[in-house]
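To start, the structure under review is shown below, and the notes come after it.
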Amino acid sequence: MNRDAATSYTLGELAERLDARVVGDANVRVSGLSTLTDAGSTDLAFLANRAYLKYLAETHAGAVLVHPAHGGSCPCPRLELDNPYLGYAKLSRLFDPLVNQPSRGVHSTASVSPTATLGERVEVGAYCVIEDGAEIADDCVVGAGSFIGADTRIGTGSRLHANVTLYHGVLVGERAILHSGCVIGGDGFGFAHDGKQWEKIAQLGGVILGDDVEVGSCSSIDRGALGDTLIGNGVKIDSQVQIAHNVQIGDHSALAGCVGIAGSTKVGRHCLLGGGVGLSGHLTLTDGVQVTGMSLVTNSILEPGIYSSGTGSMSNSQWRRNAVRFKQLDEIAKRLTRLERDIRDT
């Protein structure tokens, strides 16, 4: 929600941005976004889920973003379009207080190498460290306490929130958003055992993030052992996600919180991984795969579709009984095979 009158728009202006139809006064001006129940007379509300249709007729919003099928119940001017949620997503950036703020330059406490290159209108926050050979393109923001390693490059219009760490040799595309605490380019988990102890394998590759990538807070993307870890254009990564060395993720895939992907696995384009999904190493997921939450994938998936594993929650007493039966499945299967053979024989 944003109540700043300087960021107000008429419904006509918003309709042009969304290619939506205005029903009512196109000169009505709104200065914030809100829910149907919380909106005031200067807010634009939206209805994207039928479960909230019951609140539409009683909303106090100045205007509503709504599907044409539900417009008749709206008590105020409205913007009609077929996908109200997508419309809301596009308009939300207009009211984001972080957008279009003028650059405040380089803070006096920041440590910037003389061999680093900063473009136009770059903002570097307090206590940042930018090492030798780093390149930060125009209109980037580097939040307070962030670290940019040697020879790392950041594309135009990207934003690093406070305390982001980019190791050496990381390539970040344009318009990336990296949230606080994420670490890009740390060592992959590579060790060889000599029978007594572990010998570390130097991780000689890097990490490449495409354009329009977003990485959530406290997520980690490891650098490659030899080649690079590759994150495609438009990939969205939630908080507390672990992506191991040499993983490849195709364009416009999305990973929900606490996903873990082991090394050298390849995820296709437009894939969706639900919260807590685990992918074993050296697998391939083709384009268009959706894996539901808390699933464990141990084999490649070569056909698009929706995949699940694990069991849903149940009472503890029922789970304990089922756990006992699970241990008996092999013996039951053998008995069934013998029974079927005996039936055929007779």
Self-check item: Average accessible surface area per residue within region 1-88, 1.4 Å rolling probe, Å²
Solution: 53 Å²
Quiz item: Can you give the % of DSSP beta bridges in the chain that are antiparallel, to the nearest 5?
Solution: 10 percent
Quiz item: Rounded to the nearest 5, what % of the DSSP beta bridges within region 1-100 are antiparallel ones?
Solution: 35 percent
Quiz item: How big is the charge dipole of region 229-338 about its Cα centre, in debye rounded to the nearest 20, if each Lys and Arg gets +1 on its Cβ and each Asp and Glu gets -1 on its Cβ?
Solution: 640 debye
Quiz item: If the chain between Ser108 and Asn299 were fully stretched, how many nm would it gain, using 0.36 nm times the residue separation less the Cα-Cα distance?
Solution: 63.5 nm
Self-check item: Highest-MSF residue in the chain out of Ile332, Ile208, Ile221 [GNM, Cα springs under 10 Å]
Solution: Ile332
Quiz item: Anyone know which of Asp330, Asp139, Asp96 comes out most mobile in the 10 Å Cα GNM of the chain?
Solution: Asp330
Quiz prompt | Cα centroid of region 302-345 to Cα centroid of region 273-301, whole Å | solution = 22 Å
Quiz item: Is the shape of region 50-150 best called rounded, prolate or oblate, per the rule: a/c under 1.5 gives rounded, else a/b larger than b/c gives prolate, else oblate, with a ≥ b ≥ c the square roots of the Cα gyration tensor eigenvalues?
Solution: prolate
Self-check item: Rounded to 5, percent antiparallel among DSSP beta bridges of region 133-251
Solution: 10 percent
Quiz item: Given the options Asn299, Asn83, Asn322, which has the most mean-square fluctuation in a GNM of the chain, springs set between C-alpha atoms less than 10 angstrom apart?
Solution: Asn322
Quiz prompt | Contour excess over end-to-end distance, with Cα ends at Met314 and Arg50 and 0.36 nm allotted per residue | solution = 92.2 nm
Practice problem: With a probe of 1.4 Å, find how much accessible area region 112-254 has per residue, and write the answer as a whole number in Å². | Solution: 43 Å²
Exercise. Express the carbon and sulfur contribution to the solvent-accessible surface of region 17-96 as a percent, rounded to the nearest whole number, probe 1.4 angstrom.
Key: 47 percent
Exercise. Run through every distinct alpha carbon pair of region 220-338 and return the Kirkwood hydrodynamic radius in angstroms, one decimal place.
Key: 15.6 Å
Quiz item: Do any trypsin sites (Lys or Arg not before Pro) in region 190-237 lie in a loop, going by DSSP, with at most 15 other beta-carbon atoms within 10 Å of their beta carbon, and if so which?
Solution: Lys196
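Where does the chain land at 222 nm, in deg cm²/dmol rounded to the nearest 500, when only DSSP H runs of n ≥ 4 count, each adding -39500 (n - 2.57), divided by all residues?
Details: 4 runs with 46 residues, N = 346.
-4000 deg cm²/dmol, from helical runs alone.
Quick check on region 270-346: take the gyration tensor over C-alpha atoms, sort the square-rooted eigenvalues as a ≥ b ≥ c, and tell me if it's rounded (a/c under 1.5), prolate or oblate.
Working: a/c = 3.20, a/b = 1.60, b/c = 2.00.
Oblate is the answer for region 270-346, as a/c is 1.5 or above yet b/c matches or exceeds a/b.
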Quiz item: Which value in nm describes the separation of the simple spin-label points at Thr337 and Ala69, placed 7 Å from the Cα toward the beta carbon?
Solution: 5.1 nm
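The values are calculated or read from the model by the stated rules, or taken from the named source; none is laboratory data. For clarity, every value in this text was computed on a predicted model and none was experimentally measured. A quick note on method: Cβ atoms are made from the backbone with ideal geometry, for glycine too, and the neighbour counts reach across all protein chains shown. When the accessible area is computed, the model is the full protein with side chains, heavy atoms only, and any ligands, DNA or RNA have been set aside. Shrake-Rupley method; radii C 1.70, N 1.55, O 1.52, S 1.80 Å.
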